[in-house]
Structures are given as structure tokens and as C-alpha cells.
Amino acid sequence: MTDESDNIIVIRDLCFKRGEHVIFDHADFDIPRGKVTAIMGPSGCGKTTLLRLIGGQLKPDSGSILFDGQDLFKLSRNDLYELRRTKMGMLFQSGALFTNLSVYENVAFPLREHTNLPEAMIRDIVLIKLQAVGLRGARDLMPNELSGGMNRRAALARTIALDPEMIMYDEPFAGQDPIGMGVLTELISLLNKSLGLTSIVVSHDIHETASIADKIYVIAQGKVAGEGVPERLMEDNSQLVQQFMNGLPDGPIPFHYPAQDYFDDMMGSIES
Amino acid sequence: MIERLRILGRSGLDILAIQGRSAIFVVQSLYGIPSFRKGGRLLMEQLYAVGVLSLPIIVVSGMFIGMVLSLQGYTILVKFGAEQSVGQMLSLSLVRELGPVVTALLFAGRAGSSLTAEIGLMKATEQLTSMEMLGVDPLRYVIAPRLLAGFITMPILMLIFNVVGIWGGYLVAVDWLDIYEGSFWANMQSATSFDEDVMNGIIKSIVFAFVIAWIAVFQGYDAKPTSEGIGVATTKTVVYSSLAVLGLDFVLTAIMFGDF
Ligand SMILES: Nc1ncnc2c1ncn2[C@@H]1O[C@H](COP(=O)(O)OP(=O)(O)O)[C@@H](O)[C@H]1O
Ligand SMILES: [Mg+2]
């Protein structure tokens, strides 16, 4: 059991519904400071939703999310923006660069908005951040001229422009070729160590994720199905975790979306 | 029967909820405006995108509408031997009605729809949420300048439309139909009052500008984040703003010119 202050984020009793669909059902998470924590689970299980809850973009139905001991949902709108500005960054699945700005301007955007630094200083910071993701030479390109992986790296440079304490990555590896995947894995792990960041990585690429994660959460059916260091999770004997870690098509998580009986359904089509 | 009532009640509540959300939305955006230090540049960009880029369609339409008004007016007035007052008819119909209404309809189609599509696409590609996560409020950064640019540019576009329209009408009446130039202008000037006609037209235009800009940015911001959702939102912007403009025009006209 870790000390509370070792966790940058403490989530207790999280409940969240979309209409009738329960996404989190009394789930607890602890995100350790300075480590890489992976959130894994079948698609649609609520991983992106979890990141949005942590980012304060969605409100849970009940439960609390503490960031550095402050309850996110008791903050005023201004304090929440202040927190996002200074402490957290998020890398979206699509990268979400501003399409009307060049790569350089995208990275400069948070600096221009939140600081009064002179232009020369902004330029230095932008080039340092772009160098870190290997895109210094692509600074004059527009987002639509970048490949998917470059898009994400440019967005990453923008995310680290203001030196956040924590970065959330939403499926950084999705749709990447093996090289791009390797580059991103390396980058996440490197940034985490060199900048002393806390990282939360959402992914379903088990091998990539396991190679950089210090802690893994597997979520399924609204609950935490398994947690721990990667090696321990591989040996976890819960069926759910096994199904996911070994990629079995059917198990506790059914292959089929809930439906009425197959036979009845086929016969029913005649009557209606 | 009960079921129908229930559906009616439910859709009534939904409509109220949307009205409420859009009202909160517009208040929050306007509240976000006073940061002029950085907002100035954003506003200039939008004044260009919303206003200057709408100029060609406004000028061309104003020209043709003015020309057609003169021509039609002439063919009717000439039967009563009153063709010399074509200038008066032209200016009153432009300044009171056609200027504000046609500008508003064109503006909804040209600028309103593109505002909705742009904001909707920014939402669908997560640009708005990523802005939020960078600690920049999209209501302040994206919505407020667009809303304000709409308010500011549309009344100006309306005035340009009127000027061009009167010029077009003048060309047809004086150069083509040989109306005496002196009586064209004199009739127009004596019949058109600044306080009643021009000001009322400007007031109408300001009201329409507010409604269109509001509908356009709200529909974009509230769009379903899919390509279909953006299409639907864009259509809604054009349909709702056109209906709102025509409906409000009747109400405003009744208030302004209705007491005989
Ligand atoms: N805006 C939305 N409205 C309604 N349901 C949503 C919305 N976004 C996501 N969902 C639902 O919430 C569930 C979790 O979504 P998400 O967190 O995106 O899953 P994932 O784990 O794949 O990232 C999914 O079942 C999805 O259908
Ligand atoms: Mg997701």
C-alpha cells in the first residue's frame, strides 16, 4: 500500500453513466507520481471517458477525483483552467492540432496564450520542444501535411510546451506502423524520465505498453478488473484479465453485443 | 392520446432545455470578450473572414436587386404617370425592408453556415477539447470573436447593400429608362427620413445580426461531432436563421411602422 502523497491522482468510488449505459461503477484508481501508468481494456470500456473525467471535462455522477489532494469538481471554472494550464496535458487520439496553424504556431500557441515571453524566447522554447520530438525540421508544415505519427508527435510537443506535471496519452499507438510505434514508445518513456513527468497511457497494445508501464490497470464492465506491475498482471488468474492479456475472442467479455435469443430473433423477422 | 401528450411535453421540455443551454452559452461567450490585449487580433481575423469575404455576394446581390426594383417599379408606376417617383419607391423598399432582410438571408447562407461548419469541425476533430486541456477557454478564444464579428459586420454589410442597390436602381432608372435625374434624387430625399427609415433599418439589421450569429455559433458548438452531425447543424443554421429573420422582420415592422 502506498502513501497517499505518492499518488498524483486518487480516484474513489467513481460512478459515471451515459444515459442508461453504466461506464464506471464504483471504480477506484491511484496514479503514482513520476511513473508511467497504463490504462487498458477492450474498446468502448471507458478509457477515453476516464481521461476526460480526470481532465475535468466530464463530471462523474458520484465519487471523487483528487489531483494533488484537490477535489477537481469543487474547483471553480477559473481554478480548473489554471490547473490544466499549469499541471496537466493531454494528447488526443487524433493529435488535434489546430488545422489553421503551422506546426511551429501550434507549439507556440500555449506559450503565446499563457505567457508574456518575448518572441525570441518563444522561438527557443518551441525549437527545443520540437527537437525533443524530432520535428524541428517540420516546423513550417501545416498539420494536413503531416503523417498520423508526426501529427501526434507535434501535438506532444505542444502538450509539453508549458512543462506539465502529468500527461495523459489517449491511444498513442493506434494506427501506427511498427517504427512509428517504437518511436512513440521510446518518446513517452524518455519524456517521463527526463522531465520527471507522470504519464497515463491508454492503450490496447499490450506489448508496447507493458514495456514502458510501471503499473497497469485493466478495466472491464465498469470496474477495475486487474491492477499491478506488468509481470504480475500477466500472471493474474482472473479470467477477465487473462482474456484481455492473451487476446482471447470470447470469455467473460462476450464477443456478442447483448441481444435476444438468436433463434427467436430469426423467427421474429417473419411476423413483423 | 396520453402517449402523444407525453411526446409533446417531452419535446417541449427539450426545446426549453436547448433554449436555456444556448442562452447560457451566449452569455458565457460574451462574458469572455473583454480580454482585448490578445482578443484584438482574433477579432480582426474574424472581421475579415465573416465580413470582408461576404462582401462580393452582398455587392452583387445589392446591385441586381436595386436594378430589378427600379425596372419593376417603373413598369407599374408608369401606368399612373408616376414614374418620376421611382427613386422614392426604390429607397424606401431597400432601406426599410429589402436591405436588412436580404442581407440577413445572404449572410446566414454565406457566413452563418461557414461559421457553423468551421466550429463543428473543430469540435469533431477534438480541437476544441484540446484547447480546453491547454487551459484556453474555447468560448473566449473561438466563439466570442466570431459572435462579435457577426454583430459588427452585418449592419455594415446592410448599409453597403443599400448604397449599391440604390446605385443599381439609379443606373436603370436614369440611364436606361430616362427618368429625370433631378427628380429621381429629390423624390428619394424628400420621402426617406433618416430617423424613421434609415435608423429603423439599422435597428432591424442589428437584431438580425445578433440572432444569426447566435444561431450559427451555437449550432456549431452543439453539433454532433460526426460528419453527418456537421451537415445537419449547417442546414439548421440556414433554416433557423432564415425563419427567425423573416418572423422577426414582421414583428419589428409591425412595431416600427404599424401605428397609422
Ligand atoms: N458523447 C457520447 N455520448 C454517448 N455515449 C458515449 C459518448 N462518448 C462515448 N460514449 C460511450 O461511452 C463508452 C465509453 O467510451 P470511450 O471512453 O470512448 O471508450 P474507449 O475505452 O474505447 O476509449 C462507449 O460505450 C461509448 O459508446
Ligand atoms: Mg477511446
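Structure data summary
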read-out: Verdict on residue A:80 being within 12 Å of chain B (Cβ to nearest Cβ) and within 22 Å of residue B:121 (Cα to Cα); value: no
read-out: Pairs, first over 20 Å from residue A:174 (Cβ atoms) in the range A:87-102, second open to solvent by less than 20 Å² (accessible area, probe 1.4 Å) and assigned to a loop (DSSP other than H, G, I, E, B), C-beta under 7 Å, six or more apart; value: A:87/A:164; A:88/A:55; A:88/A:164
read-out: Scan of the range B:117-143 for residues that are closer than 19 Å to residue A:84 by Cβ and hydrophobic (A, V, I, L, M, F, W, C), ordered by number; value: B:122, B:128, B:131, B:133, B:134, B:136, B:139, B:142, B:143
read-out: Residues being farther than 18 Å from residue A:169 by Cβ, surrounded by fewer than 17 Cβ atoms within 10 Å (Cβ to Cβ) and more than 8 Å from ligand 1 (Cβ to nearest atom) - total across the range A:11-57; value: 9
read-out: Those residues of the range A:97-121 which are within 14 Å of chain B (Cβ to nearest Cβ), more than 15 Å from residue B:41 (Cβ to Cβ) and in a helix (DSSP H, G or I), in sequence order; value: A:106, A:107, A:110, A:111, A:114
read-out: The range A:249-272 residues that are over 15 Å from residue A:45 (Cβ atoms), paired with ones that are at pLDDT 75 or above and not in a helix (DSSP H, G or I) (beta carbon under 9 Å, 6 or more apart); value: A:265/A:259; A:268/A:260
read-out: Candidates B:183, B:227 - the one that is out of contact with any Leu (no Cβ under 8 Å at 6 or more places or on another chain) and open to solvent by less than 70 Å² (accessible area, probe 1.4 Å); value: B:183
read-out: Residue match in the range A:208-219 (condition: among the aromatic types (Phe, Trp, Tyr) and modelled with pLDDT of 80 or more); value: yes
read-out: Count of the range A:83-96 residues which are open to solvent by 30 Å² or more (accessible area, probe 1.4 Å) and either in contact with a Cys (Cβ under 7 Å, 6 or more places away or on another chain) or facing chain B (nearest Cβ under 8 Å) (or both); value: 4
read-out: Sole residue being under 22 Å from residue B:137 (Cβ atoms), within 16 Å of ligand 2 (Cβ to nearest atom), touching a strand residue (DSSP E or B) at 6+ places or on another chain (Cβ under 9 Å) and among the hydrophobic types (A, V, I, L, M, F, W, C), chosen from A:58, A:72; value: A:58
read-out: Any hit, the range A:28-46, residues being within 16 Å of ligand 2 (Cβ to nearest atom), within 14 Å of chain B (Cβ to nearest Cβ) and in contact (Cβ under 8 Å) with a residue 24 or more places away in the chain; value: no
read-out: Long-range neighbours under 9 Å by Cβ, at least six apart or interchain, first residue at positive phi within the range A:115-142, second assigned to a helix (DSSP H, G or I); value: A:134/A:150; A:134/A:153; A:134/A:183; A:134/A:187
read-out: Residues satisfying the stated conditions in the range A:145-159, i.e. open to solvent by 30 Å² or more (accessible area, probe 1.4 Å) and at pLDDT 90 or above; value: A:145
read-out: Every residue from the range A:135-160 that is away from chain B (no Cβ under 12 Å) and in a loop (DSSP other than H, G, I, E, B); value: A:135, A:139, A:140, A:141, A:142, A:146, A:147
read-out: Number of positions in the range A:185-208 that are more than 17 Å from residue A:40 (Cα to Cα) and of a type in the set (A, V, I, L, M); value: 5
read-out: Which listed residue is open to solvent by 60 Å² or more (accessible area, probe 1.4 Å) and either under 16 Å from the mean Cα position of the chain (by Cα) or more than 12 Å from every other protein chain (Cβ to nearest Cβ) (or both), from A:124, A:170; value: A:124
read-out: Test for residue A:132: is it of a type in the set (Gly, Ala, Ser), within 16 Å of ligand 1 (Cβ to nearest atom), open to solvent by 10 Å² or more (accessible area, probe 1.4 Å) and more than 14 Å from chain B (Cβ to nearest Cβ); value: no
read-out: Failed item, numbered, when residue A:68 is tested on (1) within 15 Å of the chain's Cα centre (by Cα); (2) more than 14 Å from chain B (Cβ to nearest Cβ); (3) touching a residue at least 12 places away in the same chain (Cβ under 8 Å); value: (1)
read-out: Hits in the range A:173-186 - residues which are surrounded by fewer than 18 Cβ atoms within 10 Å (Cβ to Cβ) and away from ligand 2 (no atom under 16 Å from the Cβ); value: A:177, A:178, A:179, A:182, A:186
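The values are calculated or read from the model by the stated rules, or taken from the named source; none is laboratory data. Quick caveat, the model's predicted, so the values are computed rather than measured. When we count neighbours, we look across all protein chains shown, and the Cβ atoms used for this are built from the backbone with ideal geometry, even at glycine. To get the accessible areas, we keep the full protein, side chains included, count just its heavy atoms, and leave off ligands, DNA and RNA. Shrake-Rupley method; radii C 1.70, N 1.55, O 1.52, S 1.80 Å.
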